[in-house]
Every structure is written in C-alpha cells, then in structure tokens.
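Notes to accompany the following structure.
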Amino acid sequence: PGGNPRLQGIFSWPNNYGYFLIAIAPILYTRLQNKAKTVKASIRSGLRISIALTLSRWALIGGIIGLVSSYRYKIKQDKKRATMWASIIIIALVWLSIVKRWSTIEHIQNKLGGIQTVINQPLGYGLWSAGPAIHHEGKRLPENFYLQIMIDIGSIGFILRCLYTYLLMKQSKQQNDVYVTSFLMGRYSLMIVWLFLHVFE
C-alpha cells in the first residue's frame with residue numbers, strides 16, 4: 001500500500017506477521033539461552049530486522065515492550081545506550097507515521113468510529129460484526145482489538161472475557177516456569193499492541 005514494500009511472510013498482511021513475531025520472540029529468546037553466541041546473535045538480529053521490515057508501527061512498539069521487559073536490568077545498568085536506542089525508535093515511529101499519514105488518519109478515524117459504535121449499542125452487534133469480518137461483508141473496522149470484542153459480544157461479554165484472561169494469566173504466573181513466563185511476556189506486548197490494531201486471527 002502506498003508503494004511501500006513490507007515484509008509479511010506467509011501471512012495475509014504485514015501487521016499479522018508482526019503480531020506473530022512479537023508473540024513468539026520471548027519464547028524463542030528463552031529457547032536460545034543454551035545455544036552458541038553466534039547462533040543467538042543471528043536469530044535475534046533476523047527477528048529484529050523482520051519486525052522492522054513489516055513497517056508496522058505497532059509491531060515495533062510491541063517489540064520494544066518485549067525487549068524492555070526482557071532486558072530491564074541491563075537497561076538500568078546502561079542508561080546511555082538505552083536512551084540512544086529509545087531516541088532512534090521514536091524517530092523511526094514518527095517518520096513512519098508521516099510516510100504513512102493516510103494510514104495514520106484512517107486508524108484514528110476508525111478508532112473514533114469504533115468508540116461511537118460501542119456507545120450506540122453497548123450490548124454488541126453479534127459475533128462476526130467487526131475486525132477481520134470486514135473482509136467478509138462485515139461493516140465495522142475499529143482498529144482496536146478491545147473495541148472489536150465489545151462490538152461483537154458487547155460490554156458485558158468484554159468484561160467477562162477480561163476476567164477470564166486475568167484469571168488465566170494469574171494461574172500461569174504461579175507455575176513459575178521459564179517458558180510460561182516467556183509466553184506471558186509476548187502476551188503483555190500484544191495486549192498493548194491491541195490498543196492500536198484489531199488483528200487477532
């Protein structure tokens with residue numbers, strides 16, 4: 001779109017591919033702990049480059065959240081480098097937003113429209129009314145996963161779903177398993193990205 005080549009792998013859209021990479025990154029990082037340094041460096045670099053080449057601003061934000069949560073102790077030790085990388089990433093996000101200004105404006109309009117849609121009918125419009133359904137005669141594209149849920153199953157359904165997710169994640173945390181912790185890190189990243197996009201297919 002707009003003449004910008006974007007990496008999407010075998011997925012239907014670059015954002016979907018970005019979501020996938022963010023979700024698996026913490027698990028992959030955990031799996032690499034016992035590998036040789038060159039192998040770890042190659043896979044991590046490949047993963048970061050792939051996320052960047054999706055040109056998905058929200059995938060970049062999700063990746064940053066994942067990195068910060070994974071390396072928070074190292075960041076405290078080397079604040080100068082962390083500040084430098086934070087500046088580069090912010091500049092990249094602003095640049096992408098300007099280059100893709102048509103997309104930025106569309107996202108904002110859809111989000112505001114999604115909020116109004118929920119206000120108009122807080123009990124929802126029924127399953128398959130929003131999000132990916134837009135490609136199959138659906139009429140609502142809120143560009144926000146949480147709004148999508150509220151449009152589909154209503155505010156009460158959304159609250160119940162949030163409660164279920166909270167209990168599930170709380171139970172997972174108690175397992176004290178390194179892979180479960182890695183899964184949760186990816187999940188936290190996605191939960192923030194879902195504020196800006198509706199992709200969850």
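Taking only DSSP H segments of four or more residues, each worth -39500 (n - 2.57), what value at 222 nm results for the chain once the sum is divided by all its residues, to the nearest 500 deg cm²/dmol?
Dividing the helical sum by the residues of the chain leaves -24000 deg cm²/dmol.
Could you point to the label whose value was computed as Cα Rg over 2.2 N^0.38 Å for the structure here, given [x] 1.23; [y] 1.03; [z] 1.11?
Of the labelled values, this structure produces [z].
In degrees, nearest 10, range 0 to 90: what is the angle between the Cα axis of helix 101-120 and the longest Cα principal axis of the chain?
The two axes meet at around 50 degrees.
Taking Cα atoms, how many degrees apart are the long axis of helix 37-53 and the longest axis of the chain, rounded to 10 and kept between 0 and 90?
So the helix axis and the longest Cα principal axis differ by about 30 degrees.
How far is helix 57-70 tilted off the main Cα axis of the chain, in degrees rounded to 10, range 0 to 90?
Helix 57-70 sits at roughly 50 degrees to that axis.
To the nearest Å, what is the center-to-center distance of region 1-61 and region 77-94, using C-alpha atoms only?
19
In whole percent, what relative contact order does the chain give with Cα contacts below 8 Å and a gap of six or more residues?
Value for the chain: 26 percent.
What figure, in Å² to the nearest 10, do you get for the accessible area of Ile75 with a 1.4 Å probe and non-protein molecules left out?
Ignoring ligands and nucleic acids, Ile75 comes out at about 60 Å².
Given a 1.4 angstrom probe, I'd like the percentage of the accessible area of region 1-123 that is carbon and sulfur, rounded to a whole number.
67
Take the cross-link list Lys79/Lys111; Lys35/Lys170; Lys111/Lys170; Lys40/Lys74 and give me the ones stretching past 25 Å between alpha-carbons.
From Lys79/Lys111; Lys35/Lys170; Lys111/Lys170; Lys40/Lys74, over 25 Å: Lys79/Lys111; Lys35/Lys170; Lys111/Lys170.
So what is the accessible area of the chain per residue, in Å², with the probe set to 1.4 Å?
62
As a test of reading the structure, rank Lys100, Lys76, Lys35 by solvent-accessible area (1.4 Å probe, protein chains only), most first.
Lys76, Lys35, Lys100
The values are calculated or read from the model by the stated rules, or taken from the named source; none is laboratory data. Note that the coordinates shown come from a computational prediction; the quantities given were computed from them, not determined experimentally. These area figures cover heavy atoms from the full protein model, side chains too; ligands, DNA and RNA do not enter into them. Shrake-Rupley method; radii C 1.70, N 1.55, O 1.52, S 1.80 Å.
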